[in-house]
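This report concerns only the one structure given below.
Taken together, the values in this text are just the output of simple stated rules run on the coordinates, not laboratory data. The structure presented is a predicted model; accordingly, all values stated were derived computationally and were not measured. Backbone-built Cβ (ideal geometry, glycine too); neighbour counts: all protein chains shown.
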C-alpha cells in the first residue's frame, strides 16, 4: 500500500469521524432547544429578561418586584419605593415581560433548531459522500 493511499484513507475516515461528532452535538442542541420551546417561561438557556423577576406566575412576579425594588442599588440597603405601582400597572408590566420572555425564547430556540438541523444535514452528506468514496478507493 503506497503512502498517498494511506493518507487518503486517513483523511476519509477523519471526515467521517468529525461528521459523527458534529451529528451527536447537533442532536443534543436540537433536543435542548425543543425543551425550551415546550416551556419558554421556565427555561434558562435562552432567557434574556432585563429584570431578574420570576415570570412563572403573577404572584411570584409581584413578590420579586417588591423585593428587588426595595433594595437601593447604590448603598445595598433597604429603602422605601417612592411611587409603588398599582396591581393593574404591575399586571401590565408582568404580561409584557412574560410575552417578551416567550417571544425571545421561541426566536432563539427556533434559530438553534434551524442552525443545527442544517448542520446535521451537511454532516450527513459529508459522511455519506466520504464513506461511499472510501469504499471506491483501493
Study note, to complete from the structure: A chain fully extended from residue 2 to residue 17 at 0.36 nm per residue, minus the present Cα-Cα distance, gains in nm 3.1 nm
Check your understanding: Extension gain residue 67-residue 119, at 0.36 nm per residue separation less the Cα-Cα distance, in nm?
Key -> 14.3 nm
Practice item. Take 42, 135, 130 and order them by how many other Cβ atoms sit within 10 Å, fewest up front. Key: 135, 42, 130
